[in-house]
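What follows is calculated from the coordinates using simple rules that are stated; it is not laboratory data. On a predicted model such as this, the values are computed, not experimentally measured, just so you know. Please note: Cβ atoms are built from the backbone with ideal geometry, for glycine as well, and neighbour counts cover all protein chains shown.
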Ligand SMILES: Cc1ncc(COP(=O)(O)O)c(CNc2cccc(C(=O)O)c2)c1O
């Protein structure tokens, strides 16, 4: 299939055989999929040659930008040398060893033991198994329940969906797995009426203590949270939130899992979101920016408190065929080197991150449709409202953000619509000029949406 130009032919074959992720198959078949064929830097092209500024870095993941020849070369070389081997039954490869050491060196102190997986979902399933084994080995087998947040996103396997707080995903199956509970998320703009951000941060964190006492501390295994909630709409917590969450975890001896699948590898202006928010997690899943999406790979960093117990527990009957896949490990290792050698983390924190947020705030200040700009580093959300003062939200059925997303796409900018928010998470290599282009396109999209929605 090399004739990419025939959109209709591609779309009808796609509709006939390809079941998409997070899509209504029947509706999409009628609409026809968008066919992306090339990528370079912060841009992708569709099969009709339209250039799009990828404001989402794929799915929050293409940190170093598209078309990095050095990553393709390393993948090709590794494929020729050793296209596959596994880490089961006592075997390893130099690529697994190098990447595990590199991740251990980069993660916050003490998270020195690395398991590999193929996706963030598998990484989180891995964590559920490890944590429940930890408590069994500790002689506390009733400590089985994980507590997550509303609008938390941890993946699409049964376990990961149960960890997450997405009601539209829970609704997919009649029953969620037992042993998972959820508390409110810490989004001040939506839930904090009447409280300062700091007061609300404490309130949202204390929901964890209430839930632990409701469940019984001896039944609770761990709390899982994204340092900043990504797919839930870029919910950046008040400064009082994580210190209080950690105080509560320590008080009831609850393990802490920081899900760094989005926040990891420079997105927030630190290597990991945990470092930005002062989180000392016991376990940390990561994926996406780990390889910039060039190949599927995920990892779990395990801290000494948990690993030292697992280490005494004999056989760890867990793993995947492609855990530590040598080509994925080689590319991920080289990807990390690019992030480090080009100083991308510092650049996000000190240059393009501040410029990105300052530009979005300037746009928002002069646009009646934007009620809040939130986020850190190179991740942001513009929350669309009917009215800024008094704060008046759109009704759920009024899909202003989706309308805006479609308009942006037609104008050459890719963004996410999450609820009533437009979400942006561009490659870490984005330039100021590309941010200016993004903001210009955003303004046009917001103007079109305001004209369509605000009477
Ligand atoms: C925090 C977090 N944890 C785990 C996962 C699962 O990773 P995998 O997809 O590789 O199994 C994610 C993934 N995040 C994700 C995946 C797909 C869509 C969107 C969206 O924003 O619509 C976000 C994520 O954002």
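Descriptive notes on the structure:
- Relative packing of peptides 67-73, 3-9, 325-331 - highest average C-beta neighbours within 10 Å first: 325-331, 67-73, 3-9
- Percent of beta bridges antiparallel (DSSP, region 112-246, rounded to nearest 5): 10
- The slack in the chain from residue 37 to residue 365, taken as 0.36 nm per residue of separation less the alpha-carbon distance, amounts to 114.4 nm.
- Taking each DSSP H run with n ≥ 4 as -39500 (n - 2.57) and averaging over every residue of the chain yields -12500 deg cm²/dmol at 222 nm.
- Segments 225-237, 131-143 sorted - mean Cβ within 10 Å per residue, highest first: 225-237, 131-143
- On the principal axes of its alpha-carbon atoms, the chain has extents of 62, 61, 45 Å, going from largest to smallest.
- Chain lengthening between residue 388 and residue 355 when straightened (0.36 nm per residue, less Cα-Cα): 9.5 nm
- Taking other C-beta atoms within 10 Å as the exposure proxy, 113, 318 rank 318, 113 from fewest upward.
- Extension gain for the segment residue 46 to residue 315, taken as residue separation times 0.36 nm less the Cα-Cα distance, is 92.0 nm to one decimal.
- Share antiparallel - DSSP beta bridges, the chain, percent rounded to 5: 70
- Distance between the modelled labels on residue 250 and residue 308, one decimal in nanometres: 1.7 nm (7 Å Cα→Cβ projection).
- For residue 170 and residue 77, the FRET efficiency from 1/(1 + (r/R0)^6), where r spans their Cβ atoms and R0 equals 45 Å, is about 0.55.
- Computed on the chain, with alpha-carbon pairs under 8 angstrom and 6+ residues apart, the relative contact order is 20 percent.
- Put in order of Cβ neighbour count within 10 Å, fewest first, the listed residues 431, 392 become 392, 431.
- 259, 365 arranged by Cβ crowding within 10 Å, fewest neighbours leading: 365, 259
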